[in-house]
Structures are given as C-alpha cells and as structure tokens.
Amino acid sequence: MPKRKLLQIGNITSRMADRLESEFDIIEYFKFQNKEKLISDNAKEIVCVLTDGHWGVPDNLIERLTGLEIISSYGVGYDAIDADFAASKNIVVTHTPEVLNNEVADTAIMLWLAVYRQLIQADRWARQGNWEKEGSFPLSRSVQNQKVGILGLGRIGETIAKRAKAFEAEIHYHSRSQKDNDYHYHISPKELAKNVDVLFVITPGGNSTKHLVDESVLKALGKSGTLINVSRGSVVDEMALIKALQTGTLGFAGLDVFEAEPIVPKELKSMENVVLTPHIGSATTQTRQSMGDLTCDNLLSYFKSGKVFTPVPECSKLNLL
C-alpha cells in the first residue's frame, strides 16, 4: 500500500521525521521551485499538511488541495491558518497547546525581571570594567508588590499570573469574558493599562487582535509603565510603541515578538529601556520536543482512529470519529 502524501511547510526536527517517514511520503514545499506544478500534480493525493505557527498554510492551499483532510500545526498560535474555512470544508486543524504554557510564561517573567532589574545594562557594566572604574551599578526597580496586568487570560496568561503571584503581585486582567477568579477584571485593554505597572500581552494573533495595544493603551500604561509582549507582534502597534518609547509616553518594554519577524526595527535596537529576544518563548529543547511529539501524535492518531488530541476550537465540533 503506498504511503499517504504529507506536505511539509517549514522545517521539522529529525525526531519528527523519523516518526513520520514510515507512514507518509513527505513532500517539502519550500524545496520546490515550481510550486504550481507541485500542487497541480498532487492536489488530490496530498491528504495532510504539517506546518507551524509562522508559515501557516500559504498560497491558498487549503482550497487548492482537494484531497486535504488534516492540518497539523507545530505551535499554539494558528492565526496564519484559516481555521474557519478549513472547518467549513471538514478539514481538521490541530495545534500544540498546553505543552508550552510554562516555557512561554517563564520567558515573560524573564523579560519582566530583565527590564526592571536592568539585566542587560548590568551585564555590560561588569563586562566592560565599569564596576572597577566607576563603582557600583546604579539602583534599579523592584518587581515586588507590583500591579500586574495580563491582556488575554488564557492558559498561558493564567500561568503568568501564577508566576507573578510569587512576587506578591496584585493581578489585573482583560479577556474576552470575565473569569471566575479573585483577580481584578477590566472592561477594556485601555482600562487595564491605566490600572497596572506592567502589562503582559498574551492574546492570540490574527485580525481580531491586530493592534489591540494601540497608542491609547500605551499612553494609559504611562511613562513609568512596562509592556511585555510574548504573544504575536501584530497585537501591538509597533510604530506607536516606538514613538511612545522615544517620547517617554511609555517607560519600558520587553519584547519577544515583532510585526515583521525576523526584522526588528532599528529604533528598538538602539533603546536602553527595551529588552529584545528573538521569539524564543517556547524555545527550549524539552518543550520543542514535546511540541513536535504532539504534532506527530495528532497526524498519526487521525489516520489510525479518526481522532485527534488537540483540535483548534473552530474544528472541535467536526465529526471526529
């Protein structure tokens, strides 16, 4: 019996390849110069797509791959996949939630600590010999007893809140709906920003949240406020953020994501009040392995039993046997 054809968009690990090669004929999309011919020759035979949160499913492939049954995405964010359209065609979309909650939350807390305690500047002070020449490093700010705002109190947002409580934080949040907890709920991102010292952004990406953090939110957060973004670059109006940081309307930022990744605006690179990381939220060996395993598990389970472990919400009501 011939292997099922799997279209691979982006890279996969050797561990993932080892698991999939015995079951699938893997076609690497970006290795083909003539992608039009690749798709026209295989439109009916490609039954599954393996992708990630960055690439999603480009080039209108969901519509053009007439034999497509399942899209398995490596990552929790899936805004680059038209999940509603896929569901309307009975195509299952899966992602990898839960397994990266702790890692992304740790990255968010790391950025918060690095900004407040001026970790990058202190490291430079020690390396460049300023400690010997100029004396002690200037005092920084404490993270204790801060009013912490969380924009998007989903799985990762809840984990960030638990981490922040260890620093005696008062937790505030805005989400699509009010949760059953003892945190302080605010009716809008602007109202949330107005009432906190540091704002963690951890919403999904996509059109519905594009520039949710705009000039008004940044102004409400204020000249002593700190923005931490570990969600998607599109959620924050990057030009408004740069302007706010340059003019002092906003005090500080810790950023793991950017609007035009991997491009980081030169203005942000030059700022001493900003800490930058290259989208490393879930980037540890252990977590990426767990993500890869779940991506493969969803594919293998679907073709073995018709079931998947982690469908996206838009596909959760499909008739998964």
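Applying a DSSP loop filter and a limit of 14 other Cβ atoms within 10 Å to the chymotrypsin sites (Phe, Trp or Tyr not before Pro) in segment 224-321 leaves 309. Label point of residue 318 set 7 angstrom out along Cα-Cβ; within segment 1-15, amide nitrogens under 19 Å from it belong to 4-9. Between residue 224 and residue 14, the modelled label-to-label distance comes to 5.3 nm, taking each label 7 Å out from Cα in the direction of the beta carbon.
Taking label positions 7 Å along the Cα-Cβ direction at both residue 113 and residue 195, the computed distance is 2.9 nm, reported to one decimal. Where both bridge residues fall in the chain, DSSP classifies roughly 5% of the beta bridges as antiparallel. Phi-derived couplings, Karplus 6.51 cos²θ - 1.76 cosθ + 1.60 at θ = phi - 60°, listed residue by residue for segment 194-203: 5, 10, 10, 8, 9, 10, 8, 9, 8, 8 Hz, with x used for Gly and Pro.
Charges were assigned to the Cβ only: +1 to each Lys and Arg, -1 to each Asp and Glu. The resulting dipole of the chain about its Cα centre is roughly 220 debye.
Comparing 204, 265, 311 in a Gaussian network model of the chain, where Cα atoms under 10 Å apart are tied by springs, the biggest mean-square fluctuation is seen for 265. Quick one: pull the percent of accessible area on segment 1-155 belonging to carbon and sulfur, 1.4 Å probe, ligands and nucleic acids left out. About 48 percent, which is the carbon plus sulfur part of the accessible surface. Annotation: amide H-H contacts under 5 Å for residue 203 (H modelled 1.01 Å from N, sequence separation of 5 or more, or interchain): 232.
Could you tell me which trypsin sites (Lys or Arg not before Pro) in segment 62-156 are loop residues by DSSP with no more than 16 other beta carbons within 10 angstrom of their beta carbon? Working shown, then result.
Numbers: sites: 64, 89, 117, 124, 127, 133, 141, 147, 155; in loops: 89, 117, 141.
When the trypsin sites (Lys or Arg not before Pro) of segment 62-156 are filtered for loop state and at most 16 Cβ neighbours within 10 Å, 89, 117, 141 remain.
Springs between Cα atoms under 10 Å define the GNM used for the chain, and in it the highest mean-square fluctuation of 170, 132, 98 occurs at 132.
Each residue of segment 72-89 was assigned a 3J(HN,Hα) from its phi angle through the Karplus expression (A = 6.51, B = -1.76, C = 1.60, θ = phi - 60°), giving 10, 10, 8, x, 7, x, 9, 5, 8, 10, 7, 5, 5, 5, 4, 4, 5, 9 Hz with x at Gly and Pro. Could you tell me which of rounded, prolate or oblate describes segment 1-88, using a ≥ b ≥ c as the square roots of the eigenvalues of the alpha-carbon gyration tensor, with rounded for a/c under 1.5 and, failing that, prolate when a/b is larger than b/c and oblate otherwise? Note, shape of segment 1-88 comes out rounded. Of the options (1) 155; (2) 136; (3) 167, only one is volume of the Cα convex hull per residue in Å³ as computed from these coordinates, and that is (1). Taking the Cα centre of segment 196-321 as origin and assigning +1 to Lys and Arg Cβ atoms and -1 to Asp and Glu Cβ atoms, the resulting dipole is close to 260 debye.
Estimated from the Cβ-Cβ distance and a Förster radius of 45 angstrom, the FRET efficiency linking residue 120 and residue 60 is about 0.60. The distance from the alpha carbon centre of segment 277-321 to that of segment 4-48 is 17 Å, rounded to a whole number. Reported to the nearest whole Å, the Cα centre-to-centre distance from segment 220-276 to segment 192-207 is 13. For the chain, averaging the sequence separation of C-alpha pairs within contact (under 8 Å, six or more residues apart) and dividing by the residue count gives a relative contact order of 17 percent. Near residue 161, once Lys and Arg are set to +1 and Asp and Glu to -1 for all other residues with Cβ below 12 Å from its Cβ, the sum equals +2. Projecting the alpha carbon convex hull of segment 82-181 along each direction and taking the average yields 9.7 nm². Shown for segment 204-321: the carbon plus sulfur share of the solvent-accessible area, taken with all protein chains present and a 1.4 angstrom probe, equals 55%. Of the GluC sites (Glu not before Pro) found in segment 246-299, the ones in coil according to DSSP and having at most 12 other Cβ atoms within 10 Å of their Cβ are 272.
The slack in the chain from residue 142 to residue 261, taken as 0.36 nm per residue of separation less the alpha-carbon distance, amounts to 39.7 nm. Looking at the chain, the accessible area is 51 square angstrom per residue; that uses a 1.4 Å probe and ignores ligands, DNA and RNA.
The stretch between residue 303 and residue 89, if pulled fully straight at 0.36 nm per residue, gains 75.3 nm over its current Cα-Cα span.
The values are calculated or read from the model by the stated rules, or taken from the named source; none is laboratory data. Remember, predicted model here, so these are calculated numbers, not experimental data. Methodologically, a virtual Cβ is constructed for each residue, glycine included, from the backbone with ideal geometry; neighbour enumeration extends over all protein chains shown. SASA here: full protein model, heavy atoms, side chains in, ligands and nucleic acids out. Shrake-Rupley method; radii C 1.70, N 1.55, O 1.52, S 1.80 Å.
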